[in-house]
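The values are calculated or read from the model by the stated rules, or taken from the named source; none is laboratory data. Here the structure is a predicted model, which means the values were calculated and not measured. Virtual Cβ from ideal backbone geometry, glycine too; neighbours counted across all protein chains shown.
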């Protein structure tokens, strides 16, 4: 595609995003013609004097061939909206990135994907919930999409890889930059067993404003967004908001009401997000028939003394949560967390009205 270098050149220039670039393509027909347009033509289509002047200076200084050579040296592939292999789900969103930098490979099977996002300051409950649901989703044939940030994102990617599945990381910086730096090993694993993608030009570091834009790609690559844990101002709410705008499903895992990191999922549930207590809730909402997993019994294995005690208490029959609290002698926050986690594991079931019993799985 002779026009592709000019798509890439426009991507490197800061100031012309997907909507402006789309307008330029519509007016000029090709990116090459838009790149070579006169100042008068650019002003005529409403680019503005300041931006036109800035673009003119950039165009004089930018060396397209040098940039393309760097991409080859770094073994970074570039997909544009014109490419057949550009992700079909992402292509559907109104602000699809015209250019997508890629390390690894996006496969046809990755169209069956779920985004798993949440807080960077993950609790033990959030960690276990994210690991369990990510693993279960992989076993149902899903690719896990996330942002490779600290906390929930990294846990979701790692859980997918550990389960032998595929995962896609969407960066908020240039694809040749690993952020956070401690995720270098994870970055390499993802690029071998999935893909690392970014719409951001090479060498561009993380800035606060990039992350909200990055989040639209996370949801855009996915059939739905699952929020496992997050505070009231969590960035995962932005991703969920994009999902709603894009016509994608929004899922949320309820957590202990005493935890500040339950605020984001609870807010989403109040607004109509699908409450998720196990992977079947996600499959049901997406109208996907579950298939047998490699390890059917993994969900009912008692792993801690606390879980063992809850099972002993419920062996007497289904009980209200207040009765479970009384019999265990534990604080309500501890019992609430345990029951939520055990429900996600498939060990117990909420029969409504906060009445719990042992799950028949």
- Task: Check residue 110 against each of (1) under 23 Å from residue 148 (Cβ atoms); (2) not in a helix (DSSP H, G or I) and name the one condition it does not meet.
- Result: (2)
- Restricting the search to the stretch 136-148, which residues are free of Cβ contacts under 8 Å to residues at least 40 places away in the same chain and out of contact with any strand residue (DSSP E or B) (no Cβ under 7 Å at 6 or more places or on another chain)? none
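Which helices (runs of 4 or more DSSP H) does the stretch 24-78 wholly contain that include 1 or more residues that are in contact (Cβ under 8 Å) with a residue 40 or more places away in the chain, out of contact with any strand residue (DSSP E or B) (no Cβ under 6 Å at 6 or more places or on another chain) and surrounded by fewer than 17 Cβ atoms within 10 Å (Cβ to Cβ)? Please lay out each step first, then the result.
Working: elements: 31-35, 39-44, 49-61, 64-73.
Per the criteria, 49-61, 64-73.
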- Task: Give the residue, chosen from 93, 114, that is in contact with a helix residue (DSSP H, G or I) (Cβ under 9 Å, 6 or more places away or on another chain), surrounded by 19 or more Cβ atoms within 10 Å (Cβ to Cβ) and assigned by TED's automatic domain parsing to the domain that holds residue 260.
- Result: 114
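Listed here are the residues, each with its yes/no results for (1) more than 21 Å from residue 119 (Cβ to Cβ); (2) part of a helix (DSSP H, G or I); (3) modelled with pLDDT under 95.
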position: 145; (1), (2), (3): no, no, no
position: 158; (1), (2), (3): no, yes, no
position: 177; (1), (2), (3): yes, no, no
position: 185; (1), (2), (3): yes, yes, no
position: 196; (1), (2), (3): yes, no, no
position: 205; (1), (2), (3): yes, no, yes
position: 213; (1), (2), (3): no, yes, yes
